[in-house]
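Have a look at the structure below before the remarks.
The values are calculated or read from the model by the stated rules, or taken from the named source; none is laboratory data. All figures in this text were calculated on a predicted structure; none of them were measured in a lab. Note that we place each Cβ from the backbone using ideal geometry, even for glycine, and neighbour counts take in every protein chain shown.
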Amino acid sequence: MTKAEQARQVTWRLKILQHAGDGKRQVAQTCRYFGISRKTFYKWQKRYEAHGAAGLSDQSSRPDRSPKAFSTEIVSKVLYLRQTYHFGPGRIADYLRRFHGLVVAVSSVHRILVRHGLNRLPANQKHRAHAQRWQRYEKPQPGHRLQMDVKCLERIPGTRKRLYQFTAIDDCTRIRVLKVYDACNQATAISFMNEVVRRLPFRIHVVQTDNGAEFQSHFHWHLEARDIRHVYIRPRTPRLNGKVERSHRVDDQEFYQLLDQRGVSADIHLFNEKLREWEDYYNYHRPHGALDGQTPYERLVAKTRAGASPAS
């Protein structure tokens, strides 16, 4: 309500009080004439006697106490996750429950975002409609298929040197193995593959890659020698490697934008230490939207128990 509207409202209510005068009979007639109840009339009269004309304006209906209102701690955590990571209400609710022990409904998170004007994502984060929706798929058991790709990192400031992040993600559990190299060729791809086989707790049946130069004949036959089938996706179809591509976007949003690469790029061992910390967080602590809020490790445990139950 504008100040002009408030002034007109006060003038109208003052006119009603003055019209009634002092007599009770005139109060009843005034209430019938102006179409208000006597309870409302006496409420305005009491306010006028206590505060003057200022008491005739509408008062705040906000309660003195709001026992179910969210604390500033919860609101600040919700806003931080939204502004820093661009998480949606569902992901924010998962994080609050898992890492802070705070149970907040998704609808409540959405109301907090709306109240603070953060319910809409930045333009580069908005959903884009597709002409034809694809159906999400995943392999039934860990190790049935591994997607592998390389993420080219920004050049190290002041040099022409560039680092490369090799990524392998299990199609079923979304468990990932990450490592940074200062070269991108078949030798580093083979070295990374050996690292993946050593660190994953299950047997790998198939590895899926794009047609990059680092995944050609030497890499291919190295996998075949280890009894691992190697398949290529069709050229110019990165969506077929969608899980590893999507995980690289998560790296950009939740790891690299918060990492001072100038401080670690010069030391590749330090860089890999930081990347290993992020990998452990991704695998063991970060709730995954496609896994209904489970972490990749929790999905691995669930799949392992489900596979072992018939035998027992």
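Out of all the residues in segment 93-112, is one or more surrounded by 11 or more Cβ atoms within 10 Å (Cβ to Cβ), outside any helix (DSSP H, G or I), of a type in the set (Phe, Trp, Tyr) and at pLDDT below 85?
Within segment 93-112, not a single residue is surrounded by 11 or more Cβ atoms within 10 Å (Cβ to Cβ), outside any helix (DSSP H, G or I), of a type in the set (Phe, Trp, Tyr) and at pLDDT below 85.
Residue-wise test of (1) in a helix (DSSP H, G or I); (2) in contact (Cβ under 8 Å) with a residue 60 or more places away in the chain; (3) in the same structural domain as Arg239 (by TED's automatic domain parsing).
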| site | (1), (2), (3) |
| --- | --- |
| Gln141 | no, yes, no |
| Arg160 | no, no, yes |
| Leu163 | no, yes, yes |
| Thr167 | no, yes, yes |
| Arg174 | no, yes, yes |
| Val180 | no, yes, yes |
Determine whether segment 82-99 contains at least one residue that is farther than 16 Å from Lys15 by Cβ, in contact with a helix residue (DSSP H, G or I) (Cβ under 9 Å, 6 or more places away or on another chain) and among the polar types (S, T, N, Q).
yes
Determine, yes or no, whether Tyr297 is surrounded by fewer than 16 Cβ atoms within 10 Å (Cβ to Cβ), at pLDDT 90 or above and closer than 21 Å to Leu96 by Cα.
no
May I ask you to list the residues in segment 223-257 that are more than 17 Å from Arg145 (Cα to Cα) and either of a type in the set (Ser, Thr, Tyr) or in contact with a helix residue (DSSP H, G or I) (Cβ under 8 Å, 6 or more places away or on another chain) (or both)?
Thr237, Val250, Asp251, Gln253, Glu254, Phe255, Tyr256
Pick out the one residue from Val244, Val231, Val250, Val264 that is out of contact with any strand residue (DSSP E or B) (no Cβ under 7 Å at 6 or more places or on another chain) and over 23 Å from Ala93 (Cα atoms).
Val264
Filter segment 7-30 down to the residues that are more than 16 Å from Leu56 (Cα to Cα) and not β-branched (Val, Ile, Thr), then identify the one that is modelled with the lowest pLDDT.
Lys24
Which pairs turn up if I take residues in segment 63-80 that are closer than 17 Å to Leu118 by Cα and at pLDDT below 85 and look for partners that are of a type in the set (Val, Ile, Thr) and exposed (fewer than 10 other Cβ atoms within 10 Å of the Cβ) with beta carbon separation below 6 Å, at least 6 apart in sequence or on another chain?
none
